[in-house]
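Below: one structure, written as structure tokens.
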4 protein chains.
Amino acid sequence: MTHNIAILGASGYTGSDLVRLISTHPDMTIKALSANAKAGQSMSLVFPHLRHLDLPELTKIEDLDLTGVDLVFCALPHKTSQNVISSLPDTIKVIDLSADFRLRDAAAYETWYGNPHTALDLQTTAIYGLTEFYRDQIKNARLVAGTGCNAATGQYALRPLIADKVIDLDDIIIDLKTGVSGAGRSLKQNLLHAELSEGTTAYAVGGTHRHLGEFDQEFSLLAGQEVKVQFTPHLLPMNRGILATVYVKGDASAVYASLSNAYGNEPFVRVLPFGEAPATHHIRGSNFVDLGVVPDRIKGRTIVVAALDNLVKGSSGQALQNANLMLSLDETAGLMQAPLFP
Amino acid sequence: MTHNIAILGASGYTGSDLVRLISTHPDMTIKALSANAKAGQSMSLVFPHLRHLDLPELTKIEDLDLTGVDLVFCALPHKTSQNVISSLPDTIKVIDLSADFRLRDAAAYETWYGNPHTALDLQTTAIYGLTEFYRDQIKNARLVAGTGCNAATGQYALRPLIADKVIDLDDIIIDLKTGVSGAGRSLKQNLLHAELSEGTTAYAVGGTHRHLGEFDQEFSLLAGQEVKVQFTPHLLPMNRGILATVYVKGDASAVYASLSNAYGNEPFVRVLPFGEAPATHHIRGSNFVDLGVVPDRIKGRTIVVAALDNLVKGSSGQALQNANLMLSLDETAGLMQAPLFP
Amino acid sequence: MTHNIAILGASGYTGSDLVRLISTHPDMTIKALSANAKAGQSMSLVFPHLRHLDLPELTKIEDLDLTGVDLVFCALPHKTSQNVISSLPDTIKVIDLSADFRLRDAAAYETWYGNPHTALDLQTTAIYGLTEFYRDQIKNARLVAGTGCNAATGQYALRPLIADKVIDLDDIIIDLKTGVSGAGRSLKQNLLHAELSEGTTAYAVGGTHRHLGEFDQEFSLLAGQEVKVQFTPHLLPMNRGILATVYVKGDASAVYASLSNAYGNEPFVRVLPFGEAPATHHIRGSNFVDLGVVPDRIKGRTIVVAALDNLVKGSSGQALQNANLMLSLDETAGLMQAPLFP
Amino acid sequence: MTHNIAILGASGYTGSDLVRLISTHPDMTIKALSANAKAGQSMSLVFPHLRHLDLPELTKIEDLDLTGVDLVFCALPHKTSQNVISSLPDTIKVIDLSADFRLRDAAAYETWYGNPHTALDLQTTAIYGLTEFYRDQIKNARLVAGTGCNAATGQYALRPLIADKVIDLDDIIIDLKTGVSGAGRSLKQNLLHAELSEGTTAYAVGGTHRHLGEFDQEFSLLAGQEVKVQFTPHLLPMNRGILATVYVKGDASAVYASLSNAYGNEPFVRVLPFGEAPATHHIRGSNFVDLGVVPDRIKGRTIVVAALDNLVKGSSGQALQNANLMLSLDETAGLMQAPLFP
């Protein structure tokens, strides 16, 4: 039996990657697509790579027909998202890909995002969507909050280490390298090919990136004490992929054991042999996370490197994996495509 | 019922893309992989993006166990290929991705490839693997010769026009732009990132590229007279994709009608609305060919633009489509993945 | 003695490349820079790569102080350019990098650019800025019109051949590949890294690109009869560089002799050995044009390939070369930097 | 008066970038070029971007005529370099771009490079070529050892901080991102465009990169105690440029004051306004180093970001700057070219 799906905000990259993945999913059918600025256009016009698909026309949100829809993916900007989701019927399951329901604390939300949260009741029911760590709650959730793509990458490297108490909590540095699609399809000068290609830069340096809100929340919760990490993202001349180089103080063998143990049965987490580091080339377009552990020459220090595709495991693939759980489908359905290399 | 598959020469890009595509094929199992220079290694070591798959170890060709194998994909270099295929049991179907069985004329083969053909008997049984035009023969073939990737691109643009006699046969120019993966994984200075990125050049200028052998053969056969085209490939700083800009003398409406008619029911050929030109971005990683027709400002001249992924529709995807036919499977099985964009 | 220079419209790529080149010019000093949208900002803020230079602040055009200025480079959008230049004092020499003074025929201008020309008197005094062909007139000009970057590339390949009558005028095809900086610093979706990198497409297919106005004018003038070429530009994932692959009917030796003869003493035109084709990698950042001639396998047909940097020889470098002439300086001053490779 | 120059090992990227820079140097003439594997070829054949220059033919080292040569740049591989330099006449000044004379301690050299040093006497006379810190000794040196490109980048960020004692010496992390030209023109699979573009990876993780030998030597010497840093390089899909993100414990204002003070009068070091981070786009092709300082949200922690062009300030430009000093020329001669952007 197929499940009917709607995607709100389908004209961005997370929207189009959802369509890409769902197009070969055995048990889902796309019934409705919204995109306010492109309403009335076909998806083929907005994303010509999808031109072979028979898809509903893009509509305004207020014109959406959600009759028979089982689950909605909401790929709208934060702030808009909370308003729209508040107005959806309770009977429809929702996966939000924005930041609106990631932070449990209203003050933290306002600090990082600059606006007060207007759907606090709903917020308390939302489950944080990092599948491997919230699987059981996601299965029963009505509303799941997709994680930040950077936040996901860092957490795959660090959650087991914090939970297993194998690292020093005061000295954690996440130096992260991200491709440009994480910034979306917006028209900004620094995202132009002529400005971005053939070079790199750090941004949001010094602890100002919003995904720190998620790190703070999740790591502190896990540790039972406040944990603050250092986090510096860099923009790289590539379209997809995040590589997080994580510097920790802790024994490399213990770190490796912790990760191996945590992810031994996970279908989408590939822990590399001890001493090897992953590359984003090898996860492109797929739902896999690759993790490597290397001991530093300085005793007691370890480097963990995590790689994932920001649009898939960091966003749309994660969302589909969660949708599978929420609809009692095989968790891996539609997601086993191998990475595209080269 | 699954079909057992072997891939010879699995350590190149066409080999790895076959594995990528077959990994989600519902009716095929990879039973054997050969790669002489990498024998004894795991496929994960040679292609880490495939590390989640449970694959047979790479072996030398002479150590291959083909028991129970229904079909072999042969991704070896030309010349080696004809020797290896000659020694395979008749009962196994074969798809050759090299150039060895593309040219029906032994002299033409020797002219373009520099060595005499040593399996001429076998050659006479080989079917040229451009699926849409040789479908019925491929269904019943034991040996199918995969086409050149550039040759495929040019033919998708031109075959219907020649067959329908809507263009002048004396003035055909194929100006082709290709990504670098078509050159394979070989260590050549001009394929280095530092030499290739951020620039472009023409190569094999003046009619010296080997794929002209295929154009000459196929177009002359279709036209019933000798047809010689001009063909200039260019190497672009991108990994996948071919764009062929084809200049013809003929009425654009007739050209468009010819293409629309030829491909109207084809699952993998997407003819764009009249006047639009395709982009390689929109076929990356997929088995689709996109075709566009635009009239020139000079009356009676038309530009046809064709785009496909050299490793998929130009090679491994084409091979899998043919394998589906040869094994009486659904022609599109394992091939409906949407393009990866961005 | 230094000459005082002003640049109008300094916040675009042609403006910044003028500053780059002039920064090591022995006889020029930048006295004024305008950029309406960025007025009040420093050039360092707008173009951080120039942060070591001591430059005047960006101003609005109406606030420019042109006292003592000998020559103005006008890098404004077309239409704006003609208005601004009309209001400059006669005593200041002007090089316009826009399209406003390239076309001698008012009707042709309106056809290609969509607006009537409002400075027709001035237009009749403008010299077309393709240095090697208008050198003597440029030396004495008050107003020089910089050429289109694509138009320059095609003309370097074709002008001598038309002048020497060694090719058929009815069958000329210019298949051109250009980097993205030619489109300027404007915020357009197709110029985003995520949209442009790793792929290519044709645009303005069928004879709609504005630079055809220049080809029509110049080639017809040279030939003494109407000449219309086919011209298809392609956008490539690279920042700088144009490669024009030009298909002509004519004897390759005669073509080569014509080009060798025309450019034998030119400091910036490098004619390659017969049979070799140039690459844009080898002219990047420099004022050189590279030209190659290759005979086709079809008798009587020849391929000419031209490569130049659209921002230098195609625009700002050309402008500086012309400025040197207009100011009676050494024509090569400030322009002999070798290309940047890799 | 011009100085005569020879370049040994001119067929690599550091060799060609020396030629590029020297080609517009007012006081240097290239008299001899060696490249054993390319002996007998012209430089134009090996590096077509330099085809406008009138250069001596490439020779074998043993066939070099060094008559009248004042200074030799030696761009040979390490180990070869020490042998060749040992045999050069004392009267010729030498700048070695290899690793052979960077490390003062013979045991350290053998540890990092795997072979015993065979020119220890010569080694004791070599001056470490980080211009801003060894300027006076370089002026009087006969042999200067060019630094590692990564080692230079890290030292620009850290030397003043260690000298001024404003950071904790036990907790220094250099997370470095480098373009591919640092790996030279060698044919390695991971340097192919198809393998490298569109992704990133860490390499030499855990403290195994050879440039750590330089960090250990220089930082320990400066501090008067053993200093060991963590250093993880990453390979990025770009040709030129290094960005080092350096994590230190120390007050950001003190860090900024230290850097500002150290580099206030340096012609090639551009310290950005407090709180800003540099980009490699803005130093490409030039001899500039850009430095930024940003305080972390965690009190007492600071991020320093350094950017330079590995082939220029990290290698050939540094060498030329040192050559200017050794020949009593203006230190900036031939080096003031602005960065190439975009």
Next item on the list: Quick one: which residues, 5 or more positions from C:A99 or on another chain, have an amide H under 5 Å from its amide H? H modelled 1.01 Å from N in the peptide plane, none for Pro or chain starts.
Entry: C:H78
Next item on the list: Go through C:L212, C:H281, C:N261 and say which Cα lies farthest out towards the positive end of the charge dipole of segment C:172-292; charges sit on Cβ, +1 for Lys and Arg, -1 for Asp and Glu.
Entry: C:H281
Checklist line | Using a Förster distance of 56 Å, the FRET efficiency for B:K79-D:S220 (Cβ separation, nearest 0.05) | finding: 0.45
Notebook entry, point to check: Placing a label point 7 Å from Cα toward Cβ, how far apart in nm is B:T67 from its equivalents in the other copies, listed shortest first to one decimal?
Noted result: 6.1, 7.7, 9.8
Notebook entry, point to check: Residue by residue through segment C:325-342, which ³J(HN,Hα) values in whole Hz follow from phi under the Karplus form 6.51 cos²θ - 1.76 cosθ + 1.60 (θ = phi - 60°), with glycine and proline marked x?
Noted result: 5, 5, 9, 6, 9, 4, 4, 9, 4, x, 10, 8, 4, 6, x, 9, 9, x
Next item on the list: Would you kindly work out, in nm and rounded to one decimal, the distances from the label point of B:D168 to those of the same position in each other copy, ordered shortest first, with label points 7 Å along Cα-to-Cβ?
Entry: 0.7, 7.8, 7.8
Note to self: Going 7 Å from Cα along the Cα-Cβ axis for the label, what nanometre distances separate B:T80 from the same residue across the other copies?
What the structure shows: 3.0, 5.3, 5.9
Item checked: the protein assembly as shown: equivalent-ellipsoid semi-axes (sqrt of 5 x gyration tensor eigenvalues, Cα, Å) -> 44, 43, 34
Check: To the nearest whole number, what is the average tally of beta carbon atoms from other chains within 10 Å of the beta carbons of peptide B:14-26?
Finding: 2
Checklist line | Cβ charges +1 (Lys, Arg) and -1 (Asp, Glu), total dipole of chain D, debye | finding: 500 debye
Notebook entry, point to check: Using the beta-carbon distance between B:D170 and C:F274 and R0 = 22 Å, what value does 1/(1 + (r/R0)^6) give for FRET efficiency, to the nearest 0.05?
Noted result: 0.25
Check: How large is log10 I(q)/I(0) at q = 0.19 Å⁻¹ when the Debye formula is applied to the Cα atoms of segment C:7-79, each weighted equally and without solvent?
Finding: -0.71
Notebook entry, point to check: Quick one: in chain A, whose Cβ comes closest to the A/D rotation axis, and how close in angstrom?
Noted result: A:D175, 2
Item checked: Per-residue HN-Hα couplings for segment D:193-199 [Karplus 6.51, -1.76, 1.60; θ = phi - 60°; Hz; x = Gly/Pro] -> 4, 5, 8, 9, 5, 6, x
Check: Where the eigenvalues come from the Cα gyration tensor of segment C:149-215, what are the semi-axes √(5λ) of the equivalent ellipsoid, largest first, in whole Å?
Finding: 29, 12, 11
Margin query: Let me see the P(r) profile for segment D:3-125: every Cα-Cα distance counted, bins of 10 Å, each bin given as a percent of all pairs.
Written below: 13, 44, 30, 12, 1
Notebook entry, point to check: With a Cα-only, solvent-free Debye model of segment B:251-342, what are the log10 I(q)/I(0) values at q = 0.15, 0.16, 0.21 Å⁻¹?
Noted result: -0.62, -0.68, -0.99
Notebook entry, point to check: Average projected area of the Cα convex hull of segment D:107-250, in nm²?
Noted result: 9.9 nm²
Notebook entry, point to check: Relative contact order, percent, of chain D when contacts are C-alpha pairs under 8 Å separated by at least 6 residues?
Noted result: 17 percent
Check: What GluC sites (Glu not before Pro) does segment C:137-241 have in DSSP loop regions with at most 11 other beta carbons within 10 Å?
Finding: C:E226
Check: R0 = 30 Å: FRET efficiency of C:S260 with C:T208, Cβ-based, nearest 0.05?
Finding: 0.30
Item checked: Dipole magnitude (debye, nearest 20) for the protein assembly as shown, charges at Cβ of Lys, Arg, Asp, Glu -> 0 debye
Check: Taking a quarter of the surface of the Cα convex hull of segment A:171-315, what do you get in nm²?
Finding: 9.5 nm²
Checklist line | Set of aspartates and glutamates near D:K188 by C-alpha distance (under 17 Å), chain-local residues within fewer than 8 positions excluded | finding: B:E195
Item checked: Charge dipole (debye, nearest 20) of segment D:150-309; +1 at Cβ of Lys and Arg, -1 at Cβ of Asp and Glu -> 260 debye
Checklist line | Shielding score for D:277-289, defined as the mean number of other chain Cβ atoms within 10 Å | finding: 6
Checklist line | Solvent-free Debye scattering, log10 I(q)/I(0), computed from the Cα coordinates of segment A:72-119 at q = 0.31 Å⁻¹ | finding: -1.22
Checklist line | segment A:103-181 versus segment A:270-342: alpha-carbon centroid distance in Å | finding: 17 Å
Notebook entry, point to check: When the Karplus curve 6.51 cos²θ - 1.76 cosθ + 1.60 is applied with θ = phi - 60°, which whole-Hz ³J(HN,Hα) does each residue of segment C:291-304 get, with x for Gly and Pro?
Noted result: 10, x, 10, 9, x, 7, 5, 8, 3, x, 10, 9, 10, 10
Next item on the list: Specify, per residue and in Å³, the volume enclosed by the convex hull of the alpha carbon atoms belonging to chain B.
Entry: 138 Å³
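Read-outs throughout are calculated quantities, based only on the coordinates presented, and are distinct from any laboratory measurement. Bear in mind the structure is a predicted one, so any value in this text is a computation, not a measurement. Neighbour counts are summed over all protein chains in view; Cβ atoms, including those assigned to glycine, are modelled from backbone coordinates with ideal geometry.
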